[in-house]
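Everything on this sheet refers to the single structure shown next.
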Amino acid sequence: MTTIITEVQQAAVKALKRLINQPSVYDEATITATTPFGKGIDAALTEVLTIASENGFKTYKDPNGNYGYAEIGTGEQIFGIIGHVDVVATGDPDDWDHDPFHAKVINDHIYGRGAQDDKGPTMAAMFAVKSLMDQGYQFNKTIRFIFGTDEESLWRDMKVYNANEKPIDLGIAPDAEFPLIYAEKGLEQAYLVGPGQADLSIDLQGAFNAVPAKASYNGPKIAEVKQALDQQGFDYQDLGTDGLTVIGKSVHAMNAPQGTNAVLRLAMALDQVFPSQPLDFLGKHFKEDATGANILGNIEDQQSGHLTVNISSLKIDQNETRMQLDMRIPVTIDRDELIKKLANKIAPYDLHYEPYDYLAPLYVPTDSHLVKTLMTVYQDITGDQTPPQISGGATYARTMHHCVAYGAMLPGTPDFMHQVNENWALESMFKAMEIYAEAIKRLCVNDE
């Protein structure tokens, strides 16, 4: 088995700190012709390419700033390792124990936005390859690290990459969980849009792919809204003359049933106070449903489980009502039929369906050489016999040929992705590096 020496481990941590310290959140205000997702993301892309160059990789940056890559080896086949340097917003910085963009190692955990998603795993994979390079291994494939910049939004970076670059032949995305994800649910994101309201103005914004942990209101009938929240038994913070904030629990949208949706809880209270057809849909029909069962019935398949549904924003003004919808669709469910059924269900509430983005599901056979090799490496190193998985998450693996999500989170690792105080245990990071190094050695050194 491949051993990662202490010097390489510490170099990986140092590099990860540098990358976390780049606040790479999508910023429309700083978009230019060469910074298509904002200057912060572009700075993180430049930093990761600098780190790669310092460690012996040949690097390339798209002239328009959509993506970059770093590679080593001269083989005709390309083994892709696809990560991303953009991160979700931090929310209220006061909720963090430490500055989310000033990485710190505390009690052998590295803290900062991106530690788990996806800067940490990307650095773990890069320095796994660096370890092999230091040991003198020669690669029979070109190993290419592809650095995305729009993963937390619309994946526009990968559309440009795939239009400009030669496809990879096989690869991994270190942006999920071990042992391996060979299939990913379809991802549908859309808006539900209806009429506005003269007596209610609210603007609750959040990422499509995160269950909202807070929802604030400060407007007419505040006493009645508080009473409705009390009747429902929902937690909220009374801010006096500044209104109130409903308290929920944030999780990734793919795990929506495990979270507590503060936007929906506030909407249910508002529905008791303000007459509105769209609010009636949320308050009387959808409620806190995270599987779609209240409106669509039970949607699931044997291969990938239940549909998940997340409503992450609510904006109401005199012109319109608009809410964000994120659905993770089981791999065998007909997407078009599902959307048609949903559109029919929301129509009586004066709502209509506006598509925003769709990602088709991923499937790589479990008996493929790639999956069998990756699984054998994982089992040899950990002893864990957990079979390969299907996920509701969406990784860049589905944008590439013959690619799967492989780590970097080990079973039992607490999930801090998209949450406050995001952190990753260094012990887990170093174990992931061992797995990546051995897998790449078997696939790109010993494998012909």
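The values are calculated or read from the model by the stated rules, or taken from the named source; none is laboratory data. Quick caveat, the model's predicted, so the values are computed rather than measured. Note: ideal-geometry Cβ built from the backbone for every residue, glycine included; neighbour counts use all protein chains shown. To get the accessible areas, we keep the full protein, side chains included, count just its heavy atoms, and leave off ligands, DNA and RNA. Shrake-Rupley method; radii C 1.70, N 1.55, O 1.52, S 1.80 Å.
The string of couplings for the stretch 137-146 from the Karplus curve (6.51, -1.76, 1.60, θ = phi - 60°) is 5, 9, 8, 8, 10, 7, 8, 10, 7, 9 Hz, one whole number per residue in order, with x for Gly and Pro.
Among DSSP beta bridges whose residues both lie in the chain, state the antiparallel percentage, nearest 5. Rounded to the nearest five, the antiparallel share is 75 percent. A crude spin-label estimate for the pair Asp199 and Lys340, with each label 7 Å from Cα along the Cβ direction, gives 4.0 nm. Once the C-beta distance of Lys104 and Lys58 is scaled by a Förster radius of 25 Å, the resulting FRET efficiency is 0.20 to the nearest 0.05.
Taking amide H positions as modeled 1.01 Å from N, with prolines and chain starts lacking one, the residues under 5 Å from Lys104 and 5 or more places away or on another chain are Tyr111. Per-residue extension of 0.36 nm, minus the Cα-Cα distance of Tyr363 and Asp350, leaves a gain of 1.0 nm for this segment. For Tyr236, nonlocal amide neighbours, meaning residues 5 or more places apart or on other chains whose placed amide H falls under 5 Å from its own, are Ile247.
Note that the chain presents 40 Å² accessible area per residue, ligands and nucleic acids not counted, probe 1.4 Å.
A DSSP coil position with no more than 16 other Cβ atoms inside 10 Å describes the following GluC sites (Glu not before Pro) in the stretch 62-158: Glu76. Look at where the Cα atoms of the stretch 420-445 and of the stretch 345-396 average out, and the two centres are 20 Å apart. The trypsin sites (Lys or Arg not before Pro) of the stretch 190-280 meeting both criteria, a DSSP state outside H, G, I, E and B (loop) and at most 16 other C-beta atoms within 10 angstrom of the site's C-beta, are Lys221. Couplings 3J(HN,Hα) of the stretch 322-330, computed from phi: 9, 9, 8, 10, 10, 10, 9, 9, x Hz, in residue order, whole Hz [Karplus 6.51 cos²θ - 1.76 cosθ + 1.60, θ = phi - 60°; x for Gly and Pro]. Couplings 3J(HN,Hα) for the stretch 117-126, derived from phi with the Karplus relation 6.51 cos²θ - 1.76 cosθ + 1.60 (θ = phi - 60°), are 9, 9, 5, x, x, 4, 5, 4, 5, 4 Hz, where x marks Gly and Pro. Under a 5 Å amide H cut-off, with hydrogens placed 1.01 Å from N, Leu170 pairs with Ile78, Gly80 among residues at least 5 apart or on other chains. Among the protein heavy atoms of the chain, carbon and sulfur supply 47% of the accessible surface, probe 1.4 Å, non-protein parts ignored. On the basis of the beta-carbon distance and an R0 of 60 Å, Met1 and Asn319 show a calculated FRET efficiency of 0.45. Hey, with R₀ at 22 Å, roughly what FRET efficiency would Ala425 and Asp92 work out to, going by the Cβ-Cβ distance, to 0.05? Efficiency for this residue pair is about 0.30. For the set Lys130/Lys431; Lys214/Lys287; Lys17/Lys249; Lys39/Lys315, the pairs lying more than 19 angstrom apart at their alpha carbons are Lys17/Lys249; Lys39/Lys315. For the chain, the 222 nm mean residue ellipticity estimated from helices alone, with every DSSP H stretch of n ≥ 4 adding -39500 (n - 2.57) and the total spread over all residues, rounds to -9000 deg cm²/dmol.
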